[in-house]
Amino acid sequence: MFQTDPPLPAKKTLPTMYDLKSEDPEEPGLPDQFHSWQPRILEDTFQPPDFPKDEVFIAADLNVYYDTHHPLWYKRPDWFAVLGVPRLYEGKDLRLSYVIWQEGVDPTVMVELISPGTEKEDLGQTLREVNQPPTKWEVYERILRIPYYIIFDRYSDELKVFQNIAGRYQPMEIADNRVWLPELGLGIGLWQGNYQDVERLWLRWYDAAGNWISTPSEKAERLAAKLKELGINPEDL
């Protein structure tokens, strides 16, 4: 291939999200109900105060392509968020995947929901095999340097949060199942409550005042209750 001087940027020479696969049909199984609902409450309550909604991209179970030297390598986080990019790709398209060399902005926070088959990899307890892609932990910690990596084990209801300091993950102190993440202007913790008609501990975001951020349905319920207090039937509106 003819080499230009200076070399063309990766965005113009490497495959785009339209070229790369958005899923792997050979991967066994599909997300269970918990893996479907837990990301929803995370998305519903993720409202970083310093970024408008149209400058935040949130995704669940979406391929993240990260290596310009190996453009087909990817990881597929259970949930992640990127601050400072358009919610829609180039302001117009729903993303098929998240391609680092196209976007130019790395994710800010990754969340993995531990499953029995992925526990060791999620916790960085697996070793990279020769001639194989790096492990999930290596990609998040050393390649993308994701500021925050959050792991939730729904079987033991254990929460672990790591902060990237000088390229290495350090565990953050968790008090009362909560931890504040300064770069996000948000905290994350375990909330006991009913979501999707299921009562259990759910991972969700809270604000600087320590209040759980409301989901759209919770806001609607409170508004309806307030209208009824004023003698207004919400169904008449």
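Derivation of every value follows stated rules applied to the coordinates shown; laboratory data play no part. This one's a predicted model, so the numbers in the text were calculated from it and none came from an experiment. When we count neighbours, we look across all protein chains shown, and the Cβ atoms used for this are built from the backbone with ideal geometry, even at glycine.
A few notes on this one:
- With Cα atoms, 0 to 90° folded angle of helix 33-45 axis to the chain main axis: 80
- Couplings 3J(HN,Hα) for segment 132-141, derived from phi with the Karplus relation 6.51 cos²θ - 1.76 cosθ + 1.60 (θ = phi - 60°), are 10, x, x, 6, 4, 4, 4, 5, 5, 7 Hz, where x marks Gly and Pro.
- Residue-wise HN-Hα coupling along segment 68-83, computed from phi with Karplus coefficients 6.51, -1.76, 1.60 (Hz; x: Gly, Pro): 5, 7, 9, x, 8, 6, 8, 10, 10, x, 5, 7, 7, 9, 10, 9
- A Gaussian network model of the chain, with springs between Cα atoms under 10 Å, assigns the largest mean-square fluctuation among 144, 203, 88 to 88.
- Residue 47/residue 158 FRET efficiency (R0 45 Å; Cβ-Cβ; nearest 0.05): 0.95
- Along each principal axis, taking the top coordinate minus the bottom one, the Cα set of segment 10-212 gives 48, 38, 37 Å in descending order.
- Length-normalised contact order of the chain in % [C-alpha pairs under 8 Å, at least 6 apart]: 16
- DSSP loop GluC sites (Glu not before Pro) with at most 10 other Cβ within 10 Å: longest gap in the chain: 174-237
- Rounded to whole Hz, the Karplus (6.51, -1.76, 1.60) HN-Hα couplings of segment 192-201, x for glycine and proline: 8, x, 9, 9, 6, 6, 10, 8, 5, 7
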